[in-house]
Structures are given as structure tokens and as C-alpha cells.
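In what follows, a single structure is set out as C-alpha cells and then discussed.
Coordinate-derived values only; no laboratory data. Source: prediction; values computed, not measured. Neighbour counts run over all protein chains shown; Cβ positions are idealised from the backbone, glycine included.
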Amino acid sequence: MPSTDLLVSNVVVHPLVLLSVVDHFNRMGKIGNQKRVVGVLLGAWRSKGVLDVSNSFAVPFDEDDNDKSVWFLDHDYLENMYGMFKKVNAREKIVGWYHTGPKLHRNDVAINELIRRYCASSVLVIIDAKPQHLKIPTEAYIAVEEVHDDGTPTSKTFEHVPSEIGAEEAEEVGVEHLLRDIKDTTIGTLSQRITNQLQGLKGFNSQIQNIHNYLDEVTSGKLPVNHQIIYNLQDIFNLLPDVGMPEFIRSLSIKTNDQMLAIYLAAMIRSVIEIGRASCRERV
């Protein structure tokens, strides 16, 4: 078990960081065969325990595919770039680093120790540049000391930290303009809404499948019981509605009837308007 409490309770990643990382990944994919790219995260503490990651920049990085202990990160380039960023915005400090994973690598602890020279509480954010599933493409980790029960020396390991995507008002406007540029104008509003709902249901189903797999591994003894996770799952189950209750069935019927009534009235009004237009054309 880790011997220290986490200093970071939540990591907020801004859209500018996601765009920069995807651009970095695509550029390096065209000129080389790197499976992942590495960069530095800039930001500040928004409040107690909440880390705001608002900017980033790429760092030259290479590693041996056969021997993960052999890697190179240009820290001279890192220092020069950070000096230039500091002149533009002195409030943005080095808060950690990122790579495109999509999962943790064996040499991540060693790379994190190098980044800790510039930030003692360095945070690692894995950003999936090519996500295969509908989920938040960020996973945040912080290095902690792990104490072994057998008395062996402690070792560094990564502890997961909750992360989310957040933006300022100006960033939200910019993202909306980008979405307008890439949006297919041939698709109607109804089709887009149905597509969004379908994608949301797929993402929801994947999360339920993850819960199912976790509970299977716990019951089979492959994973230890985490009481905090069990408590959270119990809260989720308690919030589920009882679809067999008469009150629920009645409320659902009333809601459905109200929606159907609105659709029926709209169809009738549209029909009356069309009949009136047709009568006007015949008179003319």
C-alpha cells in the first residue's frame, strides 16, 4: 500500500492541451515510427487538491522498443522551452508530463523522476491520441512510495487520480467554432441527436462492462476487495429506479402520453396549415 496520501485530488485538462498532444502525435507519426510521444504539462493549482492543466509543449523523446530501460529525453530542450513559455505567462508552471500511452510503461517511473527535478509533485497524464472506445481520453497518475509487507525496500509506483476535461469560456467558444468546421452539414439535427445518444449508450455500456469484469475478477479471487469501490457501486445501485413500482409505471405513462400529445397536436396543426395553403392557391 502507498505510504503517503495523494496531494492531487483531481486533474482538469483543458482542450488546448488535447489539441496540442494530438498535433504532436500526428506530426511524429508522419516522420518516424514512434509508438508514443512525450511532452511537458503546464498549469497551476485552481484550489486545494485541484490541478488545472492549461498548456503543454512537446519534448524530443526516444526509447528502445526491445529494452525499455534505454530511453532519451532532451532536458536541455525542455529547459529552453519552459524559459520561453515563462516569459509569455509566468503563472503557468511545470506541473507534470504526458505521453500518448495508451497505457503505463515500465520506464514511466524513471521518466517521472527526471520531471520531478522541475516539479516535486509531478503528475503523469496519459492522453490517448487514437481512442478506440467512447470515454474520456485522459488518465492521470501520481508517483507514490509503496511499502511492501515482506519488509523489502520501498519502491515507486503510480496511483490513479481522477481527471476531467474543463475549459474557460474563451476556450469553449473556440471549441464550438472547431466543431462547426468539422461538422457534417448534410446530417440533420434529428440524425445528429440520435447519433449522439447512440454513442452515449455505447460509452455507458462499456463502463457497465468494466464494472462487470471487475466484480468477476473480485469474486474469482484475482483482485482484492476494494471497499471504497464497493461502496460507490452500492450507491449507484441504490439510485436505480424500481421499474416494477406502480408509481414509476404511472409516471412513465404520463410522460409518454404528454410527449405523444405534443407530437399529435403538431401534426394536426401542420396539416391544417397545409390545407389552408392549398385552398388559397386554388382560389388564386
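The peptide list 156-166, 251-261, put in order of mean Cβ contacts within 10 Å with the highest first, becomes 156-166, 251-261. Here the range 1-135 is treated with +1 on each Lys and Arg Cβ and -1 on each Asp and Glu Cβ, and its dipole about the Cα centre works out to around 480 debye. State whether the range 109-218 is rounded, prolate or oblate according to the following rule on the C-alpha gyration tensor (a ≥ b ≥ c being the square roots of its eigenvalues): a/c under 1.5 gives rounded; otherwise a/b larger than b/c gives prolate, and the remaining case gives oblate. Note, shape of the range 109-218 comes out oblate.
Go ahead and run the numbers for FRET between Glu159 and Met260, Cβ-Cβ distance against an R0 of 45 Å, rounding to 0.05. It comes out at approximately 0.30.
Within a straight-line Cα-Cα reach of under 18 Å, Lys48 can be paired with the following aspartates and glutamates, leaving aside sequence neighbours fewer than 8 residues apart in one chain: Asp5, Glu92, Glu164. A dipole drawn for the chain from +1 and -1 charges on Cβ atoms has a positive end, and of Val147, Leu179, Asn80 the residue lying farthest that way is Leu179.
Pairwise alpha-carbon distances in the range 145-280 exceed 26 Å for 63% of all pairs.
Rounded to the nearest 20 debye, the dipole magnitude of the range 161-284 is 840 debye, with +1 charges on Lys and Arg beta carbons, -1 on Asp and Glu beta carbons, and the Cα centre as origin. Put a plus charge on the Cβ of each Lys and Arg, a minus charge on the Cβ of each Asp and Glu, and nothing anywhere else: the dipole of the chain about its Cα centre is then about 1220 debye. The long axis of helix 246-283 is offset from the longest Cα principal axis of the chain by roughly 60 degrees. Taking a ≥ b ≥ c as the square roots of the eigenvalues of the Cα gyration tensor, the range 203-247 is classed as prolate, since a/c reaches at least 1.5 and a/b is larger than b/c.
Farthest toward the positive end of the dipole of the range 134-284, out of Ala267, Thr256, Val225, is the Cα of Ala267, where the dipole comes from beta carbon charges about the Cα centre. Angle of helix 75-88 to the longest C-alpha principal axis of the chain, folded into 0 to 90 degrees and rounded to 10: 50°. With the Cα gyration tensor of the range 1-109 giving a ≥ b ≥ c as the square roots of its eigenvalues, does the rule (a/c under 1.5 for rounded; else a/b larger than b/c for prolate; else oblate) give rounded, prolate or oblate? Oblate, because a/c is 1.5 or more while a/b does not exceed b/c. In straight-distance terms, cross-link reach from Lys86 covers every one of the lysines whose alpha-carbon lies under 21 Å from its own, apart from those fewer than eight places away in the same chain; here that gives an empty set. Each residue of the range 89-97 was assigned a 3J(HN,Hα) from its phi angle through the Karplus curve 6.51 cos²θ - 1.76 cosθ + 1.60 (θ = phi - 60°); the sequence is 9, 6, 6, 7, 10, 6, 10, x, 8 Hz, with glycine and proline shown as x.
Between Lys35 and Asp242, take the C-beta separation as r, use R0 = 51 Å, and let me know the FRET efficiency to the nearest 0.05. Efficiency computed from Cβ-Cβ geometry: 0.60. Ranked by the mean number of other Cβ atoms within 10 Å per residue, highest first, peptides 120-127, 94-101, 148-155, 214-221 order as 94-101, 120-127, 214-221, 148-155.
Ranked by the mean number of other Cβ atoms within 10 Å per residue, highest first, peptides 108-117, 172-181 order as 108-117, 172-181. A simple spin-label model places pseudo-atoms 7 Å from Cα toward Cβ; at Lys48 and Asp23 they are separated by 3.8 nm.
For the chain, pairs of C-alpha atoms spaced more than 29 angstrom apart make up 53 percent of the total. Taking amide hydrogens as placed 1.01 Å from N in the peptide plane, the amide H of Val147 sits under 5 Å from those of Ser3, each at least 5 positions away in sequence or on another chain.
Among the listed pairs Lys68/Lys103; Lys135/Lys156; Lys103/Lys222; Lys103/Lys156; Lys35/Lys130; Lys93/Lys130, a Cα-Cα separation exceeding 22 Å is found for Lys135/Lys156; Lys93/Lys130.
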